[in-house]
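Structure, as structure tokens:
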Amino acid sequence: MSYRVAILGIYHESNTFVKVPTTLDDFRNGHLMKGWAICAEYASAHHEIGGMLEVLNREGIEIVPVFFAEATPGGKITAGTCTQLLGEMFEVLRKVLPVDACLVVPHGAAVCEEHADMDGYWLSVLRNLVGEKTLIVGTLDPHANVSSAMIEATDVLVSYRTNPHIDQRRTGTEAAELLVRMLKNEIVPHQQLLQLPLAISIEQQYTSKDPCRSLYALVDELRNNDPILSISINLGFPYADVREMGSTVIIITNNQPESAQKTARHIKKYIVDHQEDFRGIKKDVNAVITSLGSSEKPVLMLDMGDNVGGGAPGNSTVLLDAIEKGGVHKAFICLYDPNAVLQTSDYQTGDQFELVVTDHLNVKKYYDVALISCGDGKFHEPDPRHGGQAHFDMGRIAIVRTARGNVIMLTSLRISPFSLKQLTHFGINPDMFDVVIAKGVNAPIAAYAPVCPTILQVNTPGFTQADMTLFAYANRKKPMFPFEKITMDD
Ligand SMILES: [Zn+2]
């Protein structure tokens, strides 16, 4: 029997504390595609869509690529952008119906001005459109804040198991393989959501280290039990003031709800018993700068407060200024500042001038610099890296050196530091520096660990500051760790 399977998704991680909204232009500057362009972009990429395509091709299933939109994490999506994206996506889908199933690619932490649970909303609209008999199976980023609406609208959702996310293609494969077994009536999945009264500090979300390593090991053990088809840990995305903010577990059994409930209780007990492990360390800037002298170079310094992958703007100069002030170490930093790029257009390589950079607080900073180069900021990443994307565009860029010897790359488009090609493609070798500053927490580690023997996460201020208790939440669940202590009754 032959099947037709549609692929579609809208993918965004929305930081509700960032005031600049995410617009249609941000999706156009990211990835916004319809039809076969989706397959051309992702067939060989380390992305969940690549894994889905691989399985569908192998099984001889007709692929119906519909729509995929992705933008760099940022503020809430505007209501108009949401309407436009959903309108386009469902217009294309309506033309290709009927299909036997949909493979969906939400992130799980999208918020728009109109819908706090935007993923739950569009998945519910999809369910209404295709009806109860059409299977909906998909993937989630483990930074999803998973809602009941997402679970009710879908048959199966599976999340990446690594952070940095280097298993996105494998996750797409897992989802598509479960779908194939469902189409062949080999399994009847039952999906159970466990919403934990816990928000894990971003700093503690590195899956190769404790506390996450032990949590994932426990889940691996439980997953080997026969009736369990899949267990996904969603670490959660703390920078969203929404009802669903927090960590969750999705347990999928072969129609064995009692078994799922038993597994859920087991995981919840583990979390309640180990809650303090998920709080985070939070080393401040001065302590990190002091430790540089004895650290093996180059040091990867992670700017947790200005984490572009968590929606922060990527223009804080806190770490650059600390290095400039210290005057001892040479650093590389990338800053998003289109106006600063424009300033460099009047100069030739080697020219010296005063550069004005506007930081995350809208404060102007002045640096005496010399221009190294400027040009087009496109590059390609062939290896598995966080985010699974292959093609990146920083817009027009400029590279300058400050009088103190620190190198600043200025970009016109916001981009997360997920690829070392962002440096090496433009002639920048990390070995030239004592310190490489990356605006992230865990995600950049996949790219930088091979060249940086020391990795230091720094508790900097900003829209993604590590201490979530400093944000004013109006909508989160209570009680919830680390805001309150939790017990098995919560
Ligand atoms: Zn993520």
For E186, E244, which order do you get if you count the other beta carbons within 10 Å of each Cβ and list the fewest first? E186, E244
In straight Cα distance, which aspartates and glutamates are under 12 Å from K133, not counting same-chain residues fewer than 8 positions off? D100, D155
Give the separation of the Cα centroids, the stretch 373-434 to the stretch 60-102, in Å. 30 Å
Take the Cα pairs of the stretch 285-466, get the Kirkwood Rh, then feed it into Stokes-Einstein at 25 °C and 0.890 mPa s and tell me D in µm²/s. 152 µm²/s
What is the extension gain from E221 to D351, computed as 0.36 nm multiplied by their sequence separation minus the C-alpha to C-alpha distance, in nm to one decimal? 40.7 nm
So what is the relative contact order for the stretch 348-490, in percent, with contacts set as C-alpha pairs under 8 Å and at least six apart? 14 percent
Cysteines having no other Cys beta carbon under 4.7 Å from their own, within the chain: C39, C102, C212, C334, C374, C452
Taking each pair of distinct Cα atoms in the stretch 82-204 once, what is the resulting Kirkwood hydrodynamic radius in Å? 15.4 Å
Local charge sum around T23 (other residues, Cβ-Cβ under 15 Å, Lys/Arg +1, Asp/Glu -1)? -2
Taking amide H positions as placed in the peptide plane 1.01 Å from N, state which residues far from F481 in sequence (5 or more) or on other chains have amide H under 5 Å from it. L198, A199
Under 26 Å between alpha carbons - lysine pairs in the stretch 285-466 that sit 8 or more apart or on different chains: 17
Let me have the 222 nm mean residue ellipticity of the chain computed from DSSP H runs of 4+ only, each contributing -39500 (n - 2.57), with the sum over all residues rounded to the nearest 500. -8000 deg cm²/dmol
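If you add up the charges near R401, with Lys and Arg at +1 and Asp and Glu at -1, over every other residue whose beta carbon is less than 14 angstrom from its beta carbon, what do you get?
Working: positive: K330, R404; negative: E324, D351, E354, D368.
After counting each charged neighbour, the total is -2.
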Length gained, Q84-E296, 0.36 nm per residue minus C-alpha separation, equals 71.3 nm
Hey, fewest Cβ within 10 Å first, where do L342, L103 land in order? L342, L103
Give me the mean projected area, in nm² to one decimal, of the convex hull enclosing the Cα positions of the stretch 320-406. 6.8 nm²
Can you pull the Rg over Rh of the chain, Cα-only, Kirkwood? 0.97
In Å, descending, principal axis extents of the Cα set of the stretch 435-490: 46, 25, 14
Long-range alpha-carbon pairs in the stretch 4-278, meaning those over 28 Å apart, account in percent for 31 percent
Once the convex hull of the alpha carbons of the stretch 345-390 is built, what does its volume come to per residue, in cubic angstrom? 133 Å³
Which of the peptides 140-147, 457-464, 62-69 is most tightly packed, and how do the rest follow, judged by the mean count of other Cβ atoms within 10 Å per residue? 140-147, 457-464, 62-69
Place the peptides 29-38, 357-366 in order of packing, highest mean first, counting for every residue the other Cβ atoms within 10 Å and averaging per peptide. 29-38, 357-366
So how many Å³ per residue does the convex hull of the Cα atoms of the stretch 273-323 work out to? 117 Å³
Using only the alpha-carbon atoms of the stretch 32-76 as identical scatterers, what base-10 log of I(q)/I(0) does the Debye formula give at q = 0.29 Å⁻¹? -1.10
Please give every one of the aspartates and glutamates within straight-line cross-link reach of K269, meaning a C-alpha to C-alpha distance under 12 Å, and leave out same-chain neighbours fewer than 8 residues apart. D489, D490
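Considering all projection directions equally, how large on average is the shadow of the alpha-carbon convex hull of the stretch 1-153, in square nanometres? Intermediate results must be reported in sequence, preceding the final value.
Details: hull surface 34.4 nm².
So the Cα hull casts an average projection of 8.6 nm².
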Based on alpha-carbon centroids, what's the gap between the stretch 257-303 and the stretch 123-182 in Å, whole number please? 26 Å
Describe numerically, in nm with one decimal, the distance between label points set 7 Å from Cα along Cα→Cβ at M488 and at F471. 3.1 nm
Under a straight-distance cross-link criterion of Cα-Cα below 27 Å, which lysines are reachable from K262, leaving out those fewer than 8 residues away in the same chain? K209, K477, K478, K485
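In Å³ and rounded to a whole number, note down the convex hull volume per residue for the Cα atoms of the stretch 142-197.
It comes to 86 Å³ per residue, whole-number rounded.
Throughout, read-outs are computed from the coordinates displayed, never taken from laboratory work. Quantities reported herein were computed from a predicted structural model and do not represent experimental measurements. Positions of Cβ are generated from backbone atoms using ideal geometry, with glycine treated the same way; all protein chains shown enter the neighbour counts.
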